[in-house]
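What follows draws every value from the coordinates through simple rules; no lab data is involved. Here the structure is a predicted model, which is why all the values come from computation and not from measurement. Here the Cβ positions follow ideal geometry from the backbone for every residue, glycine too, while neighbour counts run over all protein chains shown.
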Amino acid sequence: MSHFVRDWMSSPVTVVDPDSSVTFALTLMRRRNIHSLVVVLQEGQQTTYGILTTTDIRDKIIASERNPAETTVR
């Protein structure tokens with residue numbers, strides 16, 4: 001049985017600004033029923049892309065007792 005990436009992809013891709021709060025990112029994920037977001041940083045002509053997952057938030061933000069409302073996804 002063949003599987004395709006498109007079978008698991010969310011479309012359209014949900015993108016957030018790196019200065020968005022973790023709380024905002026979590027709210028967006030819950031509303032869209034997704035577990036990851038693309039973070040896009042535009043600096044001049046250079047664009048940097050990253051992925052933020054619910055696992056990242058659990059392991060790096062919640063586990064270290066940081067306040068998600070005061071922490072950016074950067």
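What are the residues in the range 56-74 that are over 22 Å from residue 12 (Cβ atoms) and outside any loop (DSSP other than H, G, I, E, B), if any?
Within the range 56-74, 58, 59, 60, 61, 62, 72 meet the criteria.
Has the range 33-48 got any residue that is surrounded by 13 or more Cβ atoms within 10 Å (Cβ to Cβ), in a strand (DSSP E or B) and of a type outside the set (A, V, I, L, M)? Yes: the range 33-48 contains one or more residues that are surrounded by 13 or more Cβ atoms within 10 Å (Cβ to Cβ), in a strand (DSSP E or B) and of a type outside the set (A, V, I, L, M).
Could you check the range 2-32 and list, in sequence order, the residues that are assigned to a loop (DSSP other than H, G, I, E, B) and more than 11 Å from residue 74 (Cα to Cα)?
2, 3, 4, 8, 9, 10, 11, 12, 13, 14
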